[in-house]
Amino acid sequence: MFRNGFRLPLRLAGISLYVDVSFLLILPLMVWLTAQNLLAVVQMPQFRLDPSAFQGLMPLGLGLIAVLGLFTSVVLHELGHSLTAMWYGVKVRRITLWFLGGVAEFEEMPRQRGAEAVVAIAGPIVSFALAALFWGLTLVVPRTQPATWLIMWYLGFVNGMLGLFNLLPALPLDGGRILRSLLALRMPHVRATAISGNIAKVIAVGLGVFGLFNNWWLILMAFFIFNAVTSETRFSVVSDLLKGIRVGDLMNRDVKTVPAGMPVGYLSGHILAERHHSFPVVDDQGRLLGTVGMEELRGAHPDAPVWQVMTSQVPTIGEDADALDAYKRMSLAESPRLIVTDGLGAMIGLLTHADINRAIQVRQMGFQVAGAPAAGQPVTPVSVHRVPPPTAFSPYPPVSPFGYTRAHAPRDPERHARPL
Ligand SMILES: [Zn+2]
């Protein structure tokens, strides 16, 4: 979800903590706004605070402390969700702070009935406990220390608001998760998501309109809720439709690969002939080494072997993995295709976004996904095509792509660099 994050040098219960760039950008503004809020509280006669204690840089300093305290509280709120999820056996990927708060990313939602509600309620419970703690401290801290008292009062207030706001029944807020989880006790999960998704959209619109006249922060929040709930509903539909389908059922087993030693000049002709944009690169054992496509060919010497220019960071997935996992992996890696490998790293097929979308459409029409073998039945034998090396690339094939002729080719010092 967050690509521009910094990892903080501390882990909480084994969970890494990240700070998104948006948080750092908004921090000075937050400090300034909080300082204004604190000054407004000081002016309130019922608190009987001495305004002379809040001169000069004091409000800004207190604003900074209050904002840091707020975001520490947010981290504890997320930790509440995370520890509960871990108790259900779910792995927590990380906690990220961004300008609208905090996000705990789980590998998956706990599958136990009602578990999502328990995980969701844990966050607001932490926030209310913190509110009680800080407000309890205002009874202990004497008013003769107005700065400390003010911070305690403010943190108690924002933690209470944090807990209340998150209980709004609008997905993806905690209240929306509780609602969805409770609805899912009585109906299919996908329907529960659809209903709570519609409620969330109504609340988001209401929040946006209210924010228009009161607080621009709420407008941002409304946009966030609306977007997040749209993708959450879509994801829920997709996971329902892909249930029970494996990568092996959808992948293309008829994949053209290229050998690592193929010269770039030959590959360019190959791309034209095969009408593919890119190819998996394999060694002579059929093991996947990377991919190569038009992008990598730019500026490359025609004599250079493909392995010198290929991309070796290739997202892969196993044949037995769930199609839904492949879908998630594609969104995470922002890659429209995954290479399917067996346990030994040999490539056995290719799965594209289009393959998954086709399966989704077929299921949406109420059909079974053809080719998905019933449990216990043998899978179609693998047939991966390998391009035979044109007589070990010497002499060069008669293809002279893009006007390149061998006579004019400059010598490539890298050509004999090292065999693969
Ligand atoms: Zn929460």
**Prompt:** Is one or more of the residues making up segment 11-31 surrounded by 14 or more Cβ atoms within 10 Å (Cβ to Cβ), more than 30 Å from Ser331 (Cβ to Cβ), touching a helix residue (DSSP H, G or I) at 6+ places or on another chain (Cβ under 7 Å) and modelled with pLDDT under 85?
**Reply:** no
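Results for (1) in contact (Cβ under 8 Å) with a residue 24 or more places away in the chain; (2) over 22 Å from Phe134 (Cβ atoms); (3) polar (S, T, N, Q), shown as yes or no for each residue.
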residue: Leu29; (1), (2), (3): no, yes, no
residue: Thr34; (1), (2), (3): yes, no, yes
residue: Leu38; (1), (2), (3): yes, no, no
residue: Val42; (1), (2), (3): yes, no, no
residue: Ser52; (1), (2), (3): no, yes, yes
residue: Gln55; (1), (2), (3): no, yes, yes
residue: Leu68; (1), (2), (3): no, no, no
residue: Gly80; (1), (2), (3): yes, no, no
residue: Gly114; (1), (2), (3): yes, yes, no
**Asked** Can you tell me which residue in segment 166-215 is farthest from Ala117 (Cα to Cα), limited to those that are among the small types (Gly, Ala, Ser), in contact with a helix residue (DSSP H, G or I) (Cβ under 7 Å, 6 or more places away or on another chain) and away from the ligand (no atom under 16 Å from the Cβ)?
**Response** Gly211
**Message:** I want to confirm something. Restricting to segment 82-137 and keeping residues that are within 12 Å of the ligand (Cβ to nearest atom) and touching an Asp or Glu at 6+ places or on another chain (Cβ under 8 Å), which single residue is nearest to Val31 (Cα to Cα)?
**Reply:** Gly102
**Request:** From the list Ala40, Ala53, pick out the single residue that is in the same structural domain as Leu162 (by TED's automatic domain parsing) and surrounded by 13 or more Cβ atoms within 10 Å (Cβ to Cβ).
**Result:** Ala53
**Prompt:** What number of residues within segment 216-257 satisfy the criterion of being small (Gly, Ala, Ser), touching a helix residue (DSSP H, G or I) at 6+ places or on another chain (Cβ under 7 Å) and surrounded by fewer than 15 Cβ atoms within 10 Å (Cβ to Cβ)?
**Reply:** 0
**Request:** Working carefully through the options Gln313, Gln361, find the one that is among the polar types (S, T, N, Q), surrounded by fewer than 16 Cβ atoms within 10 Å (Cβ to Cβ), more than 13 Å from Thr257 (Cα to Cα) and in contact (Cβ under 8 Å) with a residue 12 or more places away in the chain.
**Result:** Gln313
**Message:** With touching a residue at least 40 places away in the same chain (Cβ under 8 Å), surrounded by 15 or more Cβ atoms within 10 Å (Cβ to Cβ) and aliphatic (A, V, I, L, M) as the only criterion, which of Ala260, Ala300 stands out?
**Reply:** Ala260
**Item:** Check on Leu183, under 30 Å from Ile356 (Cβ atoms) and over 25 Å from the mean Cα position of the chain (by Cα)
**Value:** yes
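The values are calculated or read from the model by the stated rules, or taken from the named source; none is laboratory data. All values reported here derive from a predicted model rather than from experimental measurement. For neighbour counting, all protein chains shown are included, and Cβ atoms are generated from backbone atoms with ideal geometry for every residue, glycine included.
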